[in-house]
Amino acid sequence: MNTIRANSINEIQKLLTKKSTKLFLLAAVLIPVLTKLLVNNLFLTDWMALPTENINFSLLDLFVTIFIPLFIFICATDLFTGEGERETLFQVRPIGRMELFLSKVIAISIFSLILLLLEWLAVMISSSIFDKAFTLTTIPSSLGAFFVSWFPIIVLTAFAVMLALLVKSSVLAISSMIVLYLIMLFIPYVLPSSLYLLPATYLDWYRQWLSDASLQWILQTVTYLCSSFALFFSVGYYMFNRKEA
């Protein structure tokens, strides 16, 4: 465990040095604040008519369906495909392949959680400043929604890592991820029966938690997400373990 923790910190520090990571961290703070400024100071009547919580959840949708998936794709490409291209994926270190693979997945997942929490903090602070209808009673439900959204994001992380290990070109890897992700988003409009078979469908599952979700639905969804993660993680590690040093 100490080895995994130490290498996860190393991978997090590695990601933190990237300009793209700093840009996403900055966006997680600025986008909610700028949105609140636009809504309140430029008199966007359509949005002003919405309750504060609806606007906040719209911002959450923006992040969990666009910004964070893109961030995950960039990180997975850099830590796996990119390092494979630079021949630094298996540098000599006192760590096994499973520990190395797991620490990279953990690093991406933790950074995704950091983005979510930064966005939540920015949303709450900007709401308390700009929204007259803001009350402290909205904090528990909004924090719960943001935190619950992390679980399908972990599944998407395992999916992205698996795809990153399928190809040897960084450009092809991230292009494939984006294309497949867009297909997962839009194919339910063509084939409605496929809606609940795609991991991307569950990125906004926090809406069900905020409503009166049945215990059966919760168990089925959690089982599906855990099964999907196990599948993507296992296939990803299989390909990672077969790579030549």
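Show the residue pairs meeting these rules: Cβ distance below 7 Å; 6+ apart or different chains; first residue within the range 187-202 and under 17 Å from VAL64 (Cβ atoms); second residue modelled with pLDDT of 80 or more and of a type in the set (Gly, Ala, Ser).
Listed by first residue and then by second, the contacts come to PRO199/SER228.
State all residues of the range 167-203 that are part of a loop (DSSP other than H, G, I, E, B) and not charged (D, E, K, R); if no residue qualifies, say none.
VAL167, SER169, LEU191, LEU198
Looking at the range 222-244, which of its residues are among the polar types (S, T, N, Q) and either part of a loop (DSSP other than H, G, I, E, B) or surrounded by 19 or more Cβ atoms within 10 Å (Cβ to Cβ) (or both)? Working first, answer last.
First pass over the range 222-244, keeping only residues among the polar types (S, T, N, Q): 223, 227-228, 234, 241.
Across the range 222-244, the qualifying residue is only SER228.
Of everything in the range 203-219 that's farther than 24 Å from LEU70 by Cβ and either more than 21 Å from the chain's Cα centre (by Cα) or among the hydroxyl-bearing types (Ser, Thr, Tyr) (or both), which residue is modelled with the highest pLDDT?
Applying the filter and picking the extreme gives LEU219.
So ALA200 fits all but one of (1) at pLDDT 90 or above; (2) buried (at least 16 other Cβ atoms within 10 Å of the Cβ); (3) of a type in the set (Gly, Ala, Ser); what number is the exception?
With (1) at pLDDT 90 or above; (2) buried (at least 16 other Cβ atoms within 10 Å of the Cβ); (3) of a type in the set (Gly, Ala, Ser) applied to ALA200, the lone miss is (1).
Please state which one of VAL123, VAL161 is crowded, with 23+ Cβ neighbours inside 10 Å, modelled with pLDDT under 90 and in a helix (DSSP H, G or I). Working first, answer last.
Numbers: VAL161 fails: modelled with pLDDT under 90.
Of VAL123, VAL161, the one residue that is crowded, with 23+ Cβ neighbours inside 10 Å, modelled with pLDDT under 90 and in a helix (DSSP H, G or I) is VAL123.
The values are calculated or read from the model by the stated rules, or taken from the named source; none is laboratory data. Given the structure is predicted, the values throughout are model-derived calculations rather than measurements. All Cβ positions, glycine included, derive from the backbone under ideal geometry; neighbour counts span all protein chains shown.
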